[in-house]
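Novice: A single structure is presented below for examination.
A short reminder: the numbers here are calculations on the coordinates, not readings from a lab. Nothing here was measured: the structure is a model prediction, and the numbers come from that model. Glycine also receives a Cβ, built like all others from the backbone with ideal geometry; neighbour counts cover every protein chain displayed.
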Amino acid sequence: MSLTRLLFAVFISSAFIFSGASVTECAAQSESVSIKLRSARLRRSPQHWAPGSATLKLGDSLTLLEMKDGWAKVRTSSGAAGYVHETAISDKPIVLKASNRGSSGTSSDDVVLAGKGFNKEVEREFAAQNPNASFADVNRMEAISVRESDLVAFMKAGGLKTNG
């Protein structure tokens, strides 16, 4: 993957992080949070580019240990501790059926879209107002996966520094 393409993927991925209800307020009220994205990395320090120690999946339940500067220090059910950004978690439990589609007709994809403020009705309305819109490029971007080692190498090569 070229550096330009990698940078584009990083930019687009960052743009697709949508925040829902803030968990900052719930930290004092609730110790349990759930992952609201398809996947999120449990990071070793509270920085977007910190090495990951585990991959968390949609609906995973975590124990909230601390909130600070937009980062949640959490513990997994297996006892692993680390950090996830507050935009990846919800103070509401996310329960998925064993199959991708439950009896209500709700899929895990529907849950992710709803967490971002979308649903089938919003999608239909947008499609009706934009009949020439194609989501093929969005689908291709969502399928892009960048290894952490490639991202770190890209940042070092470009002299990029992060502050969290």
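Novice: In nm, to one decimal, how far is the VAL146 label point from the ALA80 one, both placed 7 Å along Cα→Cβ?
Specialist: Output for this residue pair reads 2.2 nm.
Novice: On full extension of the chain, what length is gained from SER61 through ARG38, given 0.36 nm per residue of separation minus the C-alpha to C-alpha distance?
Specialist: This chain segment gains 6.9 nm when fully extended.
Novice: Between PHE135 and ASP69, with labels modelled 7 Å along Cα→Cβ, what's the label distance in nm to one decimal, could you check?
Specialist: 3.7
Novice: Fully extended, how many nm does the chain gain between ALA54 and LYS161 (0.36 nm per residue separation, minus their Cα-Cα distance)?
Specialist: 36.2 nm is the gain from fully extending ALA54 to LYS161.
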